[in-house]
Amino acid sequence: MVDYEVAVVGAGPVGLAFAGWLAQQESIKPEQIAVFDSKPLAVAQNDPRVLAISESTRQSLLPLGFPAHAQAITQIHVSEKGRLGQVRMSSQELGLEALGWTLRYGDLMTCLAHSVQSLGVQIFRPKVVLPPQSQPLRAYEQLQLEDGSTLKAYLRVDAEGGVYGQQEQRDVVVDYSQYALVSEVKLRFDGLSQGFMSGGLAFERFCPSGPLALLPLMETHSNCASTASYSLVWCASHEIIQRLSQVSEDEFFAELEALFSRRFRVIQMKSRQTFRLGLNYRQNLIKGRCVYSGNAAQILHPVAGQGLNLGLRDAYVLASLLSNTSNSLVNLQDTLAQFNLTRKFDRQAVARASDLLVRLFSNENKFLGCGRQAALCVMESLPWLRRQFAQAMLFGFKT
Ligand SMILES: Cc1cc2nc3c(=O)[nH]c(=O)nc-3n(C[C@H](O)[C@H](O)[C@H](O)COP(=O)(O)OP(=O)(O)OC[C@H]3O[C@@H](n4cnc5c(N)ncnc54)[C@H](O)[C@@H]3O)c2cc1C
């Protein structure tokens, strides 16, 4: 006899969304799903990350109550410092309400935790669950908690996430020798630059030191038509990021404005936080009755804002496959094998695409620079190519 049918380790966005989707199916009762997290919810609510959520991800999260105050990204402006090529993608040309949505990690967590709990799923925190043991396949999975207690479940879903550098190395590891500095900034667009002042415009700027992203944030109370709030993700070498996290605000503002060719003035900034960046990828998602999902399966460079979107697709597919199992979870080896196979192509393609973007654009080679400029120009002049690229980034890669 098991304690729960499904035990989810990690109440991050992937673990919670998985539990919520599963609880909404009829095959498993919500009270048979338990979620464990090592930290109180308040820690996640204070996470400094702002996430770009694709439109397809938002659609899948709507039944769990996607927050109404997310900011729509209606256009993306991609350019390279010191070169002419640029690409503008818009939701209009794809016939979508938005290309994506920006949301603070903490707001997503508050919403998901509330929604999952109200469905009847039990969330236990703070509870640290120890890594799965390599044990012969049994009729159930035995989970060991740090406090010495144990429990049994038919399925253990490892959604313990984490960030690069905190985890053990997996099958494919690429250390980009880069860090991301994350902050929230207020920008002012004056004169000619006011053309950039359309709510919902995101910037991706490739610089020799690494990529920068500015994601629009929902204004809570703005009374100035020429200012806008943005989430900043500035990727560069450890030395540069260390220096940037210590320089005065004025120096910081000046460097950021210069990298964007002074299209705007920076007038305010919140605290600066840093993350080490790399690729850490698991080939096989199954270990006995344990399945890895989200950042527990793959950690990507945030250059294309794909990590969570990909992780949530893992979780959605797993919940759907489990709801289709005709038998109880006692026999789920075929379902798990099917999950591993079904997710292979999308996971590999997104991981490779993110990796390629970092390698191509964090490179000062002259010939590559000309190639990049040509590629951006070609993409700008070929709408169908732009659409193909955007489709893959928004909806994932399909075989
Ligand atoms: C700077 C930066 C910007 C990013 N921007 C984007 C973006 O714009 N779009 C996007 O899609 N992705 C983005 N990402 C990636 C995204 O943040 C991650 O992919 C996402 O948070 C993964 O969610 P998760 O639930 O798998 O893991 P996490 O968010 O790491 O959550 C894991 C949870 O598990 C808990 N846990 C850990 N160990 C244990 C244990 N032993 N027992 C119990 N609980 C445990 C943790 O406390 C945590 O609550 C970005 C990443 C970075 C670093």
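Observations
- The distance between label points at GLN283 and VAL330 comes to 3.4 nm (points 7 Å beyond Cα on the Cα→Cβ vector).
- In the assembled protein chains, HIS69 presents an accessible area of approximately 90 Å² (probe radius 1.4 Å).
- Split the accessible area of the chain by element, probe 1.4 Å, and carbon with sulfur accounts for 52%.
- Column: log10 I(q)/I(0), Debye, Cα scatterers of segment 232-314, q = 0.20, 0.22 Å⁻¹: -0.95, -1.05
- Taking other residues whose beta carbon is less than 14 angstrom from the beta carbon of ARG276, and scoring Lys, Arg as +1 and Asp, Glu as -1, yields -1.
- For segment 43-97, taking Cα atoms only, Rg and Dmax work out to 15.0, 44 Å respectively.
- Multiplying the residue separation of ALA68 and HIS238 by 0.36 nm and subtracting their alpha-carbon distance yields 57.6 nm.
- Computed over segment 82-138, Kirkwood Rh from alpha-carbon pairs, angstrom: 16.9
- Label zone (ASP47, point 7 Å along Cα-to-C-beta; backbone nitrogen cut-off 16 Å) within segment 145-164: 158-164.
- Highest GNM mean-square fluctuation among ASP175, ASP158, ASP334, for the chain modelled with Cα contacts below 10 Å: ASP334.
- Alpha-carbon centroids, segment 100-125 and segment 60-82: separation in whole Å: 18
- Kirkwood hydrodynamic radius computed over segment 134-187 comes to 15.6 Å, based on all pairs of distinct alpha carbons.
- Diffusion coefficient, µm² s⁻¹, Stokes-Einstein with Kirkwood Rh over alpha-carbon pairs of segment 288-354 at 37 °C and 0.692 mPa s: 260
- Calculated SAXS-style log₁₀ I(q)/I(0) at q = 0.12 Å⁻¹ - segment 1-157, Debye, Cα scatterers: -0.63
- For the chain, the alpha-carbon coordinates run over 69, 42, 42 Å along the three principal axes, in decreasing order.
- Computed [θ] at 222 nm, helices only, for the chain once each DSSP H run of length n ≥ 4 contributes -39500 (n - 2.57): -10500 deg cm²/dmol
- Its residues counted as N, segment 15-75 yields a C-alpha radius of gyration over 2.2 N^0.38 Å of 1.35.
- Burial ranking of peptide ranges 9-19, 25-35, 103-113 (average Cβ count within 10 Å, highest at the top): 9-19, 103-113, 25-35
- Reduced Cα scattering model of segment 198-277, Debye log10 I(q)/I(0), q = 0.15, 0.23 Å⁻¹: -0.56, -1.31
- Listed residue (TYR292, VAL303, SER248) projecting farthest to the positive dipole end of segment 233-346, Cβ model: TYR292
- Treating r as the C-beta distance of GLN122 and LEU341 and R0 as 30 Å, the FRET efficiency rounds to 0.45.
- All other residues whose Cβ lies under 9 angstrom from that of PHE264 are scored, Lys and Arg at +1 and Asp and Glu at -1, for a net of +2.
- Highest average packing first - 352-361, 238-247, Cβ atoms within 10 Å: 352-361, 238-247
The values are calculated or read from the model by the stated rules, or taken from the named source; none is laboratory data. Just so you know, these numbers come straight off a predicted model, no measurement behind them. All Cβ positions, even for glycine, are placed from backbone atoms using ideal geometry, and neighbour counts span all protein chains on display. Side chains included, ligands, DNA and RNA excluded: accessible areas come from the protein's heavy atoms. Shrake-Rupley method; radii C 1.70, N 1.55, O 1.52, S 1.80 Å.
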